[in-house]
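Student: Mind having a look at this structure? Questions to follow.
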């Protein structure tokens, strides 16, 4: 814990907000990002003015925690814990006397502190008053182990959809519980940041982020995009003579780039979704790659036929001598470009992840560069080879 964080340790949210109000926005963001999610939100709610605007991004960052957090951060005391020897009548009496009955979804049944079962409200209502909880409980319930990664917990929750999950230690002793909505909140924050991250918008940027801060976050990726665009322009420049002799090709360059880029973005979106939800831990990457190659080829062929016919009509009206061959060139180029873009849509985010980078961050910038080079380069190369 840093010296600055020790200043607010143990303080109420209001006192912590007053302590932070005199600090810089960057320090506020850093301190809140170190705090547990609920505490960070409570402190951020007490901040006012510009400090509160800066804290909004930090509280969201604390909520997401880059999916590196542990389940322990979300654990709260279980509101209903009873021994397995208790009867249904005693359980009803416990519920009646409980001040937090509205928060009780399950009664967690323990034996010497170890979780042995859960009992739902319906089971309590239908049970005979003298029945012991051990007789009506669901034995050996699913529970998270202390120290479980949030991403692993989310994947487990996706297959179960329970409103509340117990958390136990290595010995099976009940430590508390976690609400299902808290797990899915992590996924919502992560997925909501992907759309912006693909085009170089930081996950920390919010609508309230000041202009200069937003500029510093966005501009470096625009420079990267400019450099990659120069590479694509260089490839097109290599075929300047071809474009000069066959002017009709220039009209179809953006058509080819747009279609291949969209195909790649579709594959990219599916791959990022699989990474975020942990689906690629069980689904073979090779199988996904084959699927996207086939989809790219099918889409490229169908779209290529339409584009080829359009090129033939356009070239014929423009007086080109090889209108039919130009149509064939567009068809083959569209087929190759869409197939390649499907490959890039899978490979780009996985490669970024392999090198320790955020697989969503500016991935579409690299994807667009690769698809532009492949699509336009392939079309111009085929036109030069076949027609010139």
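The values are calculated or read from the model by the stated rules, or taken from the named source; none is laboratory data. Please read these numbers as outputs of a predicted model, since none were measured by experiment. Quick reminder, even Gly has a Cβ in these numbers, built from the backbone with ideal geometry, and neighbours come from all protein chains shown.
Listed here are the residues, each with its yes/no results for (1) assigned by TED's automatic domain parsing to the domain that holds residue 375; (2) in a helix (DSSP H, G or I); (3) at pLDDT 75 or above.
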residue	(1), (2), (3)
196	no, yes, no
201	no, no, no
215	yes, yes, yes
220	yes, yes, yes
223	yes, yes, yes
227	yes, yes, yes
231	yes, yes, yes
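Student: Hey, another quick one. Just to be sure before I move on: is residue 208 modelled with pLDDT of 75 or more and out of contact with any strand residue (DSSP E or B) (no Cβ under 9 Å at 6 or more places or on another chain) in the structure I sent?
Tutor: Details: modelled with pLDDT of 75 or more: no; out of contact with any strand residue (DSSP E or B) (no Cβ under 9 Å at 6 or more places or on another chain): yes.
No: the conditions fail for residue 208.
Student: Okay, moving on. Which condition from (1) under 28 Å from residue 383 (Cα atoms); (2) under 19 Å from the mean Cα position of the chain (by Cα); (3) modelled with pLDDT of 90 or more is the one that residue 288 breaks?
Tutor: Among (1) under 28 Å from residue 383 (Cα atoms); (2) under 19 Å from the mean Cα position of the chain (by Cα); (3) modelled with pLDDT of 90 or more, residue 288 violates only (1).
Student: Let me ask something else about it. Within the stretch 125-146, track down each residue that is surrounded by 13 or more Cβ atoms within 10 Å (Cβ to Cβ) and either under 42 Å from the mean Cα position of the chain (by Cα) or not assigned by TED's automatic domain parsing to the domain that holds residue 168 (or both).
Tutor: Selection gives 133, 134, 136, 137, 138, 141, 142, 143, 144, 145, 146.
Student: Only one residue in 309, 329, 346, 303 is in the same structural domain as residue 264 (by TED's automatic domain parsing) and free of Cβ contacts under 8 Å to residues at least 40 places away in the same chain. Which one?
Tutor: On the way: 329 fails: free of Cβ contacts under 8 Å to residues at least 40 places away in the same chain; 346 fails: free of Cβ contacts under 8 Å to residues at least 40 places away in the same chain; 303 fails: free of Cβ contacts under 8 Å to residues at least 40 places away in the same chain.
On inspection, the qualifying residue turns out to be 309.
Student: Could you look through the stretch 168-184, keep only residues that are touching a residue at least 60 places away in the same chain (Cβ under 8 Å) and over 18 Å from the mean Cα position of the chain (by Cα), and pick out the one that is surrounded by the fewest Cβ atoms within 10 Å (Cβ to Cβ)?
Tutor: 173
Student: Within the bounds of the stretch 78-87, is there any residue that is surrounded by fewer than 14 Cβ atoms within 10 Å (Cβ to Cβ) and at pLDDT 85 or above?
Tutor: Yes - at least one qualifying residue is present in the stretch 78-87.
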